[in-house]
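First up is the structure itself, then whatever we jot down about it.
The values are calculated or read from the model by the stated rules, or taken from the named source; none is laboratory data. Predicted, not measured: the structure shown is a model, and the values here were computed from it. Cβ atoms come from the backbone with ideal geometry, glycine included; neighbour counts cover every protein chain shown.
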Amino acid sequence: MKILFVCTGNTCRSPMAEALARDFLQKAGRPDVEVESAGLAAYTGEPAAENAVRVMEEIGIDLSGHRSRSLSRYELTETDRFAVMSLSHAAALHEAGVPMEKIVVLGGGVSDPFGGDEQVYRACRDQLKEAVATFLTELLKETGTEDAS
């Protein structure tokens with residue numbers, strides 16, 4: 001199964017969500033679930049926002065190697081689930097041909113912390129941590145793959 005976390009610039013929310021999902025899946029013993037992130041309007045090769053790197057370090061996750069990238073046309077058909085940050089991201093994917101049943105808006109929507117201070121990024125991280133865990137738990141149950149054994 002392939003999950004793609006999508007936001008606008010792929011420097012704040014979606015990289016944090018991807019890293020949180022990797023951590024969750026590793027602890028759950030689920031190497032079979034592939035997670036990546038991309039942006040709808042990303043410049044390729046940009047590092048994660050400094051405050052995103054800092055607040056993820058606080059919980060033991062290294063985002064320093066992240067480089068932004070744009071969503072590819074290939075991913076529109078080859079991704080099993082898209083986890084997006086807003087209704088506008090969901091609408092953009094749907095308009096590009098992704099069926100709505102493949103799209104979930106994490107936590108009902110996650111505000112963009114871009115330009116905010118560490119406190120804003122920390123709140124975003126905490127919201128994402130809860131939303132990603134809920135999403136993955138439900139997805140693994142729904143697909144009948146919650147138990148790797």
What's the number of the condition residue 64 fails, among (1) over 13 Å from residue 15 (Cβ atoms); (2) touching a helix residue (DSSP H, G or I) at 6+ places or on another chain (Cβ under 9 Å); (3) exposed (fewer than 14 other Cβ atoms within 10 Å of the Cβ); (4) of a type outside the set (Phe, Trp, Tyr)? (1)
How many residues of segment 84-127 are small (Gly, Ala, Ser), in contact (Cβ under 8 Å) with a residue 40 or more places away in the chain and farther than 24 Å from residue 50 by Cβ? The answer is 1
When restricted to 4, 40, 20, 25, the only residue buried (at least 16 other Cβ atoms within 10 Å of the Cβ), more than 19 Å from residue 110 (Cα to Cα) and aliphatic (A, V, I, L, M) is 25
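Results for (1) under 20 Å from residue 71 (Cβ atoms); (2) aromatic (Phe, Trp, Tyr); (3) buried (at least 18 other Cβ atoms within 10 Å of the Cβ), shown as yes or no for each residue.
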position	(1), (2), (3)
86	yes, no, yes
105	yes, no, yes
118	no, no, no
123	no, no, no
135	yes, yes, yes
143	no, no, no
Being part of a loop (DSSP other than H, G, I, E, B) and not hydrophobic (A, V, I, L, M, F, W, C) is the filter; apply it to segment 8-25 and report the residue that is nearest to the chain's Cα centre (by Cα). 10
In segment 49-70, what count of residues is obtained for those that are in a helix (DSSP H, G or I) and closer than 16 Å to residue 113 by Cα? 7
Of a type outside the set (D, E, K, R), in contact with a helix residue (DSSP H, G or I) (Cβ under 9 Å, 6 or more places away or on another chain) and within 26 Å of residue 142 (Cα to Cα): is that true of residue 52 in this structure? no
Among the residues of segment 88-101 satisfying the criterion of being surrounded by fewer than 18 Cβ atoms within 10 Å (Cβ to Cβ) and not hydrophobic (A, V, I, L, M, F, W, C), which is nearest to the chain's Cα centre (by Cα)? 88
Looking only at segment 116-147, count every residue that is modelled with pLDDT of 95 or more and not in a helix (DSSP H, G or I) and tell me the total. 2
Pick from segment 26-48, criterion touching a strand residue (DSSP E or B) at 6+ places or on another chain (Cβ under 7 Å) and outside any loop (DSSP other than H, G, I, E, B), ranking: nearest to residue 64 (Cα to Cα): 47
